[in-house]
Amino acid sequence: MPRLRVTIPSAPTRIAAVVEKAFQALISVIIVCVIYRYCWIDISDPYKCGALLNKGQWLDPGPRWSSKNPFQNWQPPGCMMHEYKRKDIQECFKERRLVFIGDSTTRQIFWAVAKKMDQRRAEEQITEHLDLDLVDKHKDLEFSSSGVTVQFIWDPYLNSTGLDRELKSFNANPAQDAKTDESAGLILLGAPGLWYARHGQENFFKDFRDSIEHVIPFMDHDGGEHALQAAASQSFPSRRKSPNFLLLAPVQVPWYQALSPSREETITPEKIDQMNDYLQQVSAHSEADIVWSFSLMTWAGQGEYEESGLHVVDNVAHRKADVLLNLRCNADSVERGYPYDRTCCNSYRQPNAIQWLFVLVGMILLPIVFLLRRKHVLRVGRLLPQPEVLGALMTFALAICYCYYADRTQLFEKEHKQFHKREVLIASSAVLVAGLLSVRMNNPSSPSKGNHEVGAHAFDCGFLSRDQTDEWKGWMQFLILIYHYTHGSKTLWLFEIMRNLVAGYLFMIGYGHTMYFLRREDYSFKRVASVLIRLNMLTCALSYMMRTDYTAHYFVPLVSFWFLVVYLTLKVRQEQNSSIGFLLGKIFISAIITTAFIKIPGVLEVLAFILKYTFAISWNMQEWRYRAGMDMFIVYIGMITAILYLRLTRIKIASVICTSQIDTLLRPVVRHPTFFKTTTIVASVILLPGFRLLTERSPDREDYLWWHPYISAVPILAFVTLRNSHSILRSYHSTIFAWLGRCSLETFVLQSHIWMAADLKGIL
């Protein structure tokens with residue numbers, strides 16, 4: 001009787017199918033929720049101007065004496081603020097003025113802007129100002145740098161002639177010629193509540209109200225077609241060209257417990273709340289813009305304040321300045337290009353012809369053609385590619401379109417990253433548990449067949465098998481996703497781990513391609529073209545769709561460069577590759593040439609000059625030198641590992657004649673495998689913690705990066721040794737890690753736009 005053979009889907013296939021269906025369901029839910037939020041919840045504030053003006057929270061609160069330097073990361077709901085520097089301010093205002101009118105709390109914001117423009121000179125002037133008598137401190141100030149002038153008008157009651165002059169000359173629509181336009185580009189009025197509460201009499205509130213009613217008529221916005229109509233009929237501009245702004249800061253709520261006895265007696269919570277309640281009513285019944293986010297910045301507690309209880313710490317003052325600058329300047333940055341990391345009060349660039357073509361083909365044409373092919377429509381289906389090909393093209397195009405809508409439109413909300421060690425540990429632990437639960441025996445059958453016989457035994461695929469390298473890529477990719485999402489780059493030890501993960505990828509580039517070329521001896525153009533197309537197709541498409549350049553997704557150019565290095569190294573005089581001494585000599589010469597190409601000043605710059613004036617390609621060669629220089633030698637370590645492994649295998653099966661000195665040195669490894677295996681395992685166990693102890697001595701990134709190219713091979717070779725130290729370890733692999741590892745390159749590229757946002761600088 002013939003033996004009954006029962007076939008079932010293999011475990012990796014079942015797990016992959018479940019994971020893929022879960023991802024499809026998750027993406028569908030995300031898309032529906034995002035569309036609902038965008039079309040209904042955010043309809044009154046699609047560009048997040050109101051969110052920047054009225055709301056927000058600290059992502060990094062803490063006491064002012066904390067060593068972590070808190071209050072640097074202010075998060076408006078659903079958008080990303082930009083930290084403005086001197087160049088940004090100069091590009092925005094050109095020769096226009098920024099005017100701050102009010103008391104000492106408003107003066108703090110004036111000094112914060114001055115520090116952004118020229119910190120050294122601003123600090124010198126602040127020191128001079130602090131040395132003045134109290135009466136002399138209460139005066140107007142002016143600070144100029146790079147053609148931009150910042151003015152402060154001392155007017156704690158908002159009743160000065162300087163205030164009237166600025167209000168009368170203010171024009172919300174900036175003129176084309178800044179030299180002939182007397183209007184300031186930005187005016188901030190500090191509500192006079194603290195001084196009326198401190199020095200006012202019984203009628204303090206009436207005087208405060210009169211001061212506010214005097215300025216409100218000047219604060220109406222142009223209600224034209226460019227204005228955003230808010231739900232309460234309040235207009236707030238968001239234009240291609242930023243309008244000039246006239247803003248009012250609410251009465252700053254002090255830290256009452258820290259006030260001096262005389263101030264505590266007059267500046268009471270009842271007075272401050274009464275004045276701010278009035279400003280709330282004014283805001284609701286007029287088009288005046290009051291920066292309520294300033295109040296939220298000091299709402300939590302004492303950490304935001306200086307010892308006086310009235311003034312905020314420098315970090316809070318700087319974030320207040322950034323709120324104003326983002327309101328005024330972000331719309332002007334639309335044409336600046338990537339990274340698109342200033343999404344508050346800003347609209348993205350309109351799609352060009354190429355982007356519309358991607359959307360048309362990816363979201364309309366290909367799905368229709370795919371359905372026609374699956375329905376077997378006569379006369380049409382025969383002219384179309386196979387469903388598998390159409391499905392792959394449709395998936396590719398939809399992924400490109402998803403990246404565009406996620407990271408180049410306001411459809412998805414974006415937020416800043418903030419590092420929390422607990423989040424890293426929780427996410428890493430969850431990934432570890434999932435990986436361990438998915439550990440399965442290796443399947444001797446081809447993964448493409450997707451089945452195996454019941455009762456199949458464990459299968460040792462050997463040193464660095466395909467399942468093992470896929471698993472390695474997978475768990476590294478999980479950690480890289482966690483690293484980027486949690487802003488791990490802010491922590492040195494996580495940055496060091498990240499650099500070694502990238503080095504691990506490049507090690508596999510050197511090892512894998514060397515194994516292929518030496519085994520197959522296929523140095524054809526077809527092989528090179530197929531690898532380069534597979535590596536670069538997604539990145540090239542994203543460069544056009546996302547309006548970035550090729551080097552923006554740095555990892556793909558990096559692996560393409562090192563693939564070509566491996567290819568050319570082995571291609572040159574390939575007929576002598578059977579000589580291990582010759583191979584190692586070629587690798588040594590290649591390393592010298594490549595290091596010179598990367599490190600010698602002027603070489604990359606000449607290449608950039610040629611690309612710019614022949615193909616109109618502008619690449620940041622300084623960034624490329626930094627990326628390529630960090631891992632100059634690890635690819636060669638991978639190549640040498642592959643060469644030695646192949647040589648040891650051939651010596652073991654006696655397929656080569658040992659004639660060279662290197663073969664003589666390798667022969668004892670084959671004769672006494674147990675001794676050498678034990679030695680390498682013990683060395684690896686010692687070297688891994690030793691490497692960690694060594695890297696802990698690095699005080700900063702620069703110091704570690706100096707060492708990294710020379711020591712990154714230590715943890716990688718130690719891991720490879722331990723992972724392959726026993727046949728049982730080689731017989732199992734994690735199917736979830738291997739599943740992600742098979743698309744790790746694509747995940748590395750796509751993470752910038754569908755896992756993170758703003759070209760990796762924020763999160764969706």
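The values are calculated or read from the model by the stated rules, or taken from the named source; none is laboratory data. The structure displayed is predicted, hence computed values, not measured ones. Heads up, the Cβs are rebuilt from the backbone with ideal geometry, glycines too, and the neighbour counts pull from every protein chain shown.
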Among the residues of region 744-764 satisfying the criterion of being modelled with pLDDT under 90 and of a type in the set (A, V, I, L, M, F, W, C), which is surrounded by the fewest Cβ atoms within 10 Å (Cβ to Cβ)? Trp755
Boolean, Lys55 is surrounded by fewer than 17 Cβ atoms within 10 Å (Cβ to Cβ) and free of Cβ contacts under 8 Å to residues at least 12 places away in the same chain: no
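Quick one: would you say Phe419 is out of contact with any Phe, Trp or Tyr (no Cβ under 7 Å at 6 or more places or on another chain) and either assigned to a loop (DSSP other than H, G, I, E, B) or of a type in the set (Lys, Arg) (or both)? First the steps, then the outcome.
Working: out of contact with any Phe, Trp or Tyr (no Cβ under 7 Å at 6 or more places or on another chain): yes; either assigned to a loop (DSSP other than H, G, I, E, B) or of a type in the set (Lys, Arg) (or both): yes.
Answer is yes for this residue.
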Residue under evaluation Arg86, criteria (1) modelled with pLDDT of 90 or more; (2) closer than 23 Å to Ala249 by Cβ, criterion not met: (2)
Take the conditions assigned by TED's automatic domain parsing to the domain that holds Val291 and in a loop (DSSP other than H, G, I, E, B) and apply them to His82. Does it pass? yes
Among the residues of region 123-142, are any within 27 Å of Arg336 (Cβ to Cβ), assigned by TED's automatic domain parsing to the domain that holds Ser308 and not polar (S, T, N, Q)? no
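Looking only at helices (runs of 4 or more DSSP H) that fall completely inside region 287-406, which ones have 2 or more residues that are in contact (Cβ under 8 Å) with a residue 60 or more places away in the chain and farther than 21 Å from Leu750 by Cα? Don't jump to the end; show me each part of the working.
Numbers: elements: 293-297, 314-329, 353-360, 366-374.
Fully inside region 287-406 and qualifying: 293-297, 314-329.
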Which number in (1) over 26 Å from Val215 (Cα atoms); (2) out of contact with any helix residue (DSSP H, G or I) (no Cβ under 7 Å at 6 or more places or on another chain); (3) acidic (Asp, Glu) marks the one condition that Asp322 misses? (1)
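The rows are residues; the columns are (1) of a type outside the set (Asp, Glu); (2) farther than 20 Å from Ile480 by Cβ; (3) without any contact (Cβ under 8 Å) to a residue 24 or more places away in the chain.
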{"residue": "Asp700", "(1), (2), (3)": "no, yes, no"}
{"residue": "His708", "(1), (2), (3)": "yes, no, no"}
{"residue": "Val720", "(1), (2), (3)": "yes, no, no"}
{"residue": "Leu729", "(1), (2), (3)": "yes, yes, yes"}
{"residue": "Leu750", "(1), (2), (3)": "yes, no, no"}
{"residue": "Ile763", "(1), (2), (3)": "yes, no, no"}
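Do you know which of the residues in region 719-748 that are assigned to a helix (DSSP H, G or I) and small (Gly, Ala, Ser) is farthest from Ser560 (Cα to Cα)? Show your work before the answer.
Restricting attention to region 719-748, the residues satisfying the condition of being assigned to a helix (DSSP H, G or I) are 719-723, 727-730, 735-741, 744-748.
Next cut, small (Gly, Ala, Ser) only: 727, 738, 741, 744.
Values: Ser727: 33, Ala738: 22, Gly741: 18, Ser744: 15 Å.
Filtering region 719-748 for residues that are assigned to a helix (DSSP H, G or I) and small (Gly, Ala, Ser), the one farthest from Ser560 (Cα to Cα) comes out as Ser727.
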Can you tell me how many residues within region 644-668 are under 23 Å from Gly510 (Cα atoms) and either in contact with a Phe, Trp or Tyr (Cβ under 9 Å, 6 or more places away or on another chain) or modelled with pLDDT of 80 or more (or both)? 7
Of all residues in region 443-468 being modelled with pLDDT of 50 or more, touching a strand residue (DSSP E or B) at 6+ places or on another chain (Cβ under 6 Å) and not in a helix (DSSP H, G or I), which is nearest to Arg730 (Cα to Cα)? Ala458
Restricting region 248-263 to residues that are in a helix (DSSP H, G or I) and not hydrophobic (A, V, I, L, M, F, W, C), the one surrounded by the most Cβ atoms within 10 Å (Cβ to Cβ) turns out to be Arg263
Quick one: how many residues across region 406-431 are surrounded by 17 or more Cβ atoms within 10 Å (Cβ to Cβ) and farther than 15 Å from Asp60 by Cβ? 11
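Do you know which of the residues in region 582-611 that are small (Gly, Ala, Ser) and at pLDDT below 90 is surrounded by the fewest Cβ atoms within 10 Å (Cβ to Cβ)? Write out each step before concluding.
Taking region 582-611 first, the residues small (Gly, Ala, Ser) are 585, 590-591, 596, 602, 608.
Within this subset, residues satisfying the condition of being at pLDDT below 90 are 602, 608.
Numbers: Gly602: 8, Ala608: 17.
Here the residue is Gly602.
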Spot the failing condition for Gly50; the list is (1) closer than 21 Å to Gly762 by Cβ; (2) not in a helix (DSSP H, G or I), and only one is missed. (2)
Checking the structure you have, find out if any residue of region 272-279 is part of a helix (DSSP H, G or I), farther than 16 Å from His199 by Cα, of a type in the set (A, V, I, L, M) and modelled with pLDDT under 90. no
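Please go through region 514-536 and give me each residue that is part of a helix (DSSP H, G or I) and in contact (Cβ under 8 Å) with a residue 24 or more places away in the chain, ordered by number.
Residues of region 514-536 part of a helix (DSSP H, G or I): 514-520, 525-536.
Answer for region 514-536, where residues must be part of a helix (DSSP H, G or I) and in contact (Cβ under 8 Å) with a residue 24 or more places away in the chain: Thr514, Met515, Phe517, Leu518, Arg519, Val528, Val531, Leu532, Leu535, Asn536.
Do any strands (runs of 3 or more DSSP E) entirely within region 137-247 hold 3 or more residues that are surrounded by 14 or more Cβ atoms within 10 Å (Cβ to Cβ) and at pLDDT 80 or above, and if so, which? Step through it out loud before you land on a result.
Values: elements: 141-145, 148-154, 186-190, 227-229, 235-237.
Ranges flagged: 141-145, 148-154, 186-190.
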Is it true that Gly56 is at positive phi, of a type in the set (Gly, Ala, Ser) and under 21 Å from the mean Cα position of the chain (by Cα)? yes
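Each row is one residue, and each column tells you yes or no for (1) at pLDDT 85 or above; (2) hydrophobic (A, V, I, L, M, F, W, C); (3) closer than 17 Å to Gly50 by Cα.
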| position | (1), (2), (3) |
| --- | --- |
| Val291 | yes, yes, yes |
| Thr298 | yes, no, no |
| Gly303 | no, no, no |
| Glu307 | yes, no, no |
| Val316 | yes, yes, no |
| Lys320 | yes, no, yes |
| Gln350 | yes, no, no |
| His376 | no, no, no |
